[in-house]
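A single structure is presented below for examination.
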Amino acid sequence: MNPTIIWFIVGIILIILELFAPGMILIWFGMGALAAGFSSYLINSIILQLVIFIIISLSFLLFVRKYTIRLEKTPPQVGSERFIGEKAKVIKKIKKDEYGYVIINGEEWRATSNIDIDKNEWVLVEKIEGTHFIVKPKMEENK
């Protein structure tokens with residue numbers, strides 16, 4: 001069987017297997033196999049094709065994978081979770097264990113705290129319970 005066809009079959013199989021395997025590893029070896037398949041049009045030496053396969057696969061694995069790992073570690077923050085740790089401005093006084101209102105990124109949210117916080121004060125969003133924020137006063141020097 002022609003080496004070009006073998007490389008392309010191996011490359012496609014590895015890329016398809018990546019769909020079912022975690023970790024984004026097989027795809028890079030699939031890309032290396034495809035590169036070796038293209039190189040087989042110009043190079044008849046199986047040894048050189050293997051060298052190309054290894055160099056391309058490892059290059060993709062080492063250089064691209066570090067960026068994908070970074071993306072995997074920072075999950076996208078959606079919904080109200082994106083506000084945890086952010087500062088907000090009190091627009092309706094928050095009394096101890098009663099609801100007030102804060103504004104953050106142009107959105108108004110109900111908020112509670114374990115202490116009274118006056119209108120126009122800055123607060124930090126500590127956590128979210130249901131549909132309201134649990135906040136604490138933001139220190140003066142960090143405004």
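If a/c stays under 1.5 just call it rounded; otherwise compare a/b with b/c (prolate if a/b is bigger, oblate if not). Do that for the chain, with a ≥ b ≥ c from the square roots of the Cα gyration tensor eigenvalues. Don't skip to the end; give the middle numbers.
Values: a/c = 6.20, a/b = 4.29, b/c = 1.45.
Because a/c hits 1.5 or more and a/b exceeds b/c, the chain counts as prolate.
Here's something else I'd like to know. How far, in nm, would the chain grow between residue 45 and residue 89 when pulled straight, counting 0.36 nm per residue and subtracting the alpha carbon separation? Don't jump to the answer; show the numbers that get you there.
Values: separation 44, 0.36 × 44 = 15.84 nm, distance 6.87 nm.
Gain on stretching residue 45 to residue 89: 9.0 nm.
Let me ask another. To the nearest 10 degrees, how steeply does helix 26-39 sit against the main Cα axis of the chain, on a 0 to 90 scale?
40
So what is the calculated 222 nm ellipticity per residue for the chain, using -39500 (n - 2.57) for each DSSP H run with n of 4 or more, over all residues, to the nearest 500 deg cm²/dmol? Intermediate values should be presented prior to the final figure.
Numbers: 4 runs with 53 residues, N = 143.
Taken over the chain, the calculation gives -12000 deg cm²/dmol.
For region 10-17, just list the computed ³J(HN,Hα) in residue order, Karplus coefficients 6.51, -1.76 and 1.60, θ = phi - 60°, integers in Hz, with x standing in for Gly and Pro.
Each residue of region 10-17 in turn: 4, x, 5, 4, 5, 5, 5, 4 Hz.
Now, a different point. Specify which residue in the list 88, 125, 112 is farthest towards the positive end of the charge dipole of region 81-138, using unit charges on the beta carbon of Lys, Arg (+1) and Asp, Glu (-1), about the Cα centre.
Result: 88.
On full extension of the chain, what length is gained from residue 126 through residue 80, given 0.36 nm per residue of separation minus the C-alpha to C-alpha distance?
On the way: separation 46, 0.36 × 46 = 16.56 nm, distance 1.18 nm.
Full-extension gain reported as 15.4 nm.
Still on this structure: Could you tell me which of rounded, prolate or oblate describes region 3-73, using a ≥ b ≥ c as the square roots of the eigenvalues of the alpha-carbon gyration tensor, with rounded for a/c under 1.5 and, failing that, prolate when a/b is larger than b/c and oblate otherwise? Write out the running numbers ahead of the final one.
Numbers: a/c = 3.73, a/b = 1.78, b/c = 2.09.
It is oblate, given that a/c is not under 1.5 and a/b is not larger than b/c.
Skipping prolines and chain starts, which residues have an amide H placed within reach, meaning under 5 Å, of the one on residue 116, given they are 5 or more residues away or on another chain?
For residue 116, whose amide H was placed from the backbone, the distant partners under 5 Å are 96.
Distance from a point 7 Å along Cα→Cβ of residue 67 to each backbone N in region 16-32: keep the residues under 19 Å and list them by number.
So the set is 23-32.
Quick one: grab the alpha carbon gyration tensor of region 81-138, order the square roots of its eigenvalues as a ≥ b ≥ c, and give me rounded if a/c is under 1.5, else prolate or oblate depending on whether a/b is larger than b/c. Numbers along the way, then the final one.
Numbers: a/c = 1.44, a/b = 1.20, b/c = 1.19.
Rounded shape, in that the Cα axes give a/c under 1.5.
For the chain, take the longest principal axis of its alpha carbons; what is the angle in degrees between that and the long axis of helix 46-59, to the nearest 10 within 0 to 90?
Around 10 degrees separate the two axes.
Quick one: how many lysine pairs in region 92-143 have C-alpha atoms under 18 angstrom apart, if they're 8 or more apart or on different chains?
Total qualifying Lys-Lys pairs in region 92-143 comes to 19.
Quick one: which residues, 5+ away or cross-chain, put their amide H under 5 Å from the amide H of residue 43? H built at 1.01 Å from N.
none
Here's something else I'd like to know. Which chymotrypsin sites (Phe, Trp or Tyr not before Pro) does region 8-38 hold that lie in a coil by DSSP with at most 14 other beta carbons within 10 Å? Don't jump to the answer; show the numbers that get you there.
Details: sites: 8, 20, 28, 29, 38; in loops: 20.
When the chymotrypsin sites (Phe, Trp or Tyr not before Pro) of region 8-38 are filtered for loop state and at most 14 Cβ neighbours within 10 Å, 20 remain.
Bear in mind that the values in this text are calculations on the coordinates, not laboratory data. All figures in this text were calculated on a predicted structure; none of them were measured in a lab. Every residue, glycine as well, gets a Cβ built from its backbone with ideal geometry; the counts of neighbours run over all protein chains shown.
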